[in-house]
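See structure below.
The values are calculated or read from the model by the stated rules, or taken from the named source; none is laboratory data. Quick caveat, the model's predicted, so the values are computed rather than measured. Every residue, glycine as well, gets a Cβ built from its backbone with ideal geometry; the counts of neighbours run over all protein chains shown. Just the protein is used for accessible areas: all its heavy atoms, side chains included, with ligands, DNA and RNA removed. Shrake-Rupley method; radii C 1.70, N 1.55, O 1.52, S 1.80 Å.
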Amino acid sequence: AGPGLVEMYAGLQELGVANGEDLKETLTNCTEPLKAIEQFQTENGVLLPSLQSALPFLDLHGTPRLEFHQSVFDELREKLLERVSTIALEGKVEERYKKLEDLLEKSFSLVKMPSIQPVVMCVMKHLPKVPEKKLKLVMADKDLYKACAVEVKRQIWQDNQALFGDEVSPLLKQYILEKENILFSNDISVLHNFFSPSPKTRRQGEVVQKLTQMIGKNVKLYDMVLQFLRTLFLRTRNVHYCTLRAELLMSLHDLEIGEICNIDPCHKFTWCLDACIREKFVDNKRARELQGFLDGVKKGQEQVLGDLSMILCDPFAINTLALSTIRHLQDLVGQDTLPRESPDLLLLLRMLSLGQGAWDMIDSQVFKEPKMEVELITKFLPMLMSFVVDDHTFNVDQKLPSEEKGPIPYPSTIPEAFTKFLQENRIACEIGLYYILHITKQRNKNAFLRLLPALVETFSDLAFSDIFLHLLTGNLTLLGDEFALEEFCTSLFDGFFLTACSRKENVHRHVLRLLLHLHHKVAPAKLEALQKALEPTKQSGEAVKELYNQLTEKLELRKPSPAEVTETPSMELPLPTVPTPASR
């Protein structure tokens with residue numbers, strides 16, 4: 001027997017049960033091997049008197065003794081496993097755990113025997129506190145660690161942050177990758193975008209479910225995961241970690257794990273915000289509730305603002321707050337009310353400001369709400385409202401009978417202050433970008449072309465961020481017919497996208513995604529120029545090259561073959577000519 005096998009069955013001797021080594025010894029030192037084997041079988045077989053007469057009957061049927069013993073063993077093991085699970089639930093707590101601890105003490109030496117291992121693992125699984133010595137032995141053996149239940153692993157992890165980090169790290173990487181795959185997906189649609197899945201659906205994702213199971217009801221492990229997320233958010237500025245922070249808490253909320261939810265100070269705030277995200281709108285009642293939580297942060301507990309800001313920095317929260325802000329501004333236009341007179345709007349800005357300031361707050365460890373710039377409320381938002389008014393005025397003018405002076409043109413200039421706000425103020429920039437998404441979704445080409453130049457330089461290049469470009473490309477599909485016009489394409493591609501393509505690989509990818517979807521709408525000459533401008537360089541990544549190749553293949557397919565160009569013979573019956581739609 002190899003050293004592994006010897007080690008595997010060594011535990012039997014400790015329990016006074018004969019093993020292969022004993023049989024070997026017996027056979028080596030005896031004069032009559034057959035008698036010795038028979039004696040060994042009798043001593044170590046199933047000691048039931050009634051069985052002795054039945055065994056020869058099995059022999060007559062050609063059933064090997066191994067098969068018989070194996071089936072008895074399997075049956076007994078199942079009974080034992082059931083019994084262990086029952087013991088874990090019955091009697092007084094101390095008594096039941098005492099029984100299990102005794103059983104573990106007796107059986108642990110056999111933990112490496114594949115046939116016995118499930119029993120030992122089952123006993124450990126039901127013990128809320130496995131003895132430290134046993135945990136160390138499990139931890140030191142890769143195979144044992146792999147085989148033990150998550151309940152046992154939790155006990156190992158809670159005192160071994162590095163080991164827990166090794167388990168969690170691949171899941172976090174997978175989560176970020178999944179988010180990025182959605183943002184760069186080739187399916188461009190205004191109906192199904194990054195923000196379409198409901199919070200409940202998102203929480204069913206593989207990573208959130210695995211993390212929830214790994215944490216169980218263990219507060220220490222939950223805190224460790226939050227610490228990992230904070231650290232990674234600080235290191236990378238990647239806002240998807242903020243989404244995971246909220247999703248994890250709400251996943252535990254769904255399972256009613258009070259042990260954790262009741263002590264996370266963000267629980268009720270996140271729960272309320274989750275309902276707003278589901279509706280994609282913050283209504284008055286929930287706005288009051290959210291405000292109550294923010295106003296209720298007591299002196300000495302300001303640190304909770306760091307966690308709340310991370311919850312509000314989740315793109316799904318920002319999306320909901322920004323959409324609600326745009327809706328409020330439109331309502332204010334109809335009510336002749338200024339932004340400063342709307343408490344609901346001011347609360348939305350307060351939450352946007354807290355969310356956008358999350359990184360700075362956690363980095364500086366200075367836990368106080370960021371100061372709101374007065375000009376955002378007194379100048380920038382009224383300017384956005386004036387754009388809404390411009391649209392209303394223009395639409396009314398179009399309907400009036402035209403006088404001699406001819407139709408009034410759409411305003412083409414933008415106030416310099418608007419561009420400056422988008423460059424210097426983060427909240428203004430976020431709201432401005434959402435306003436542009438809003439007019440694009442309304443198919444308002446005039447307003448879109450008017451404001452587009454302001455996007456070339458924005459605060460922290462927000463107009464070239466993946467989330468904005470993902471939403472913009474989706475909304476642009478509604479303006480598909482405009483892509484046939486030279487002026488529109490020049491403004492959009494030359495004036496906006498191509499200004500950043502060479503320095504920002506993600507922009508290059510988003511433009512290619514858009515063209516893959518809309519190439520058949522673009523004027524041929526413009527398409528050719530774009531194809532040249534978007535050719536990957538040596539530095540381009542695989543994703544860009546792959547998208548470019550896909551686009552080139554599609555354009556090749558569109559070129560008519562020489563056979564199609566020659567005139568087809570006319571049919572006998574004159575058919576009305578129907579223009580054929582360009583194939584994709």
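Computed values, structure above
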{"read-out": "Criterion (out of contact with any Phe, Trp or Tyr (no Cβ under 7 Å at 6 or more places or on another chain) and part of a loop (DSSP other than H, G, I, E, B)) met by exactly one of 369, 430, 375", "value": "369"}
{"read-out": "Members of region 144-199 found to be over 30 Å from residue 509 (Cβ atoms), small (Gly, Ala, Ser) and open to solvent by less than 60 Å² (accessible area, probe 1.4 Å), listed by number", "value": "147, 149, 165"}
{"read-out": "Residue in region 454-462 that is surrounded by fewer than 18 Cβ atoms within 10 Å (Cβ to Cβ), small (Gly, Ala, Ser), farther than 14 Å from residue 188 by Cβ and over 28 Å from the mean Cα position of the chain (by Cα) present", "value": "no"}
{"read-out": "Residue within region 333-356 that is in a helix (DSSP H, G or I), of a type in the set (Val, Ile, Thr) and more than 28 Å from the chain's Cα centre (by Cα) present", "value": "yes"}
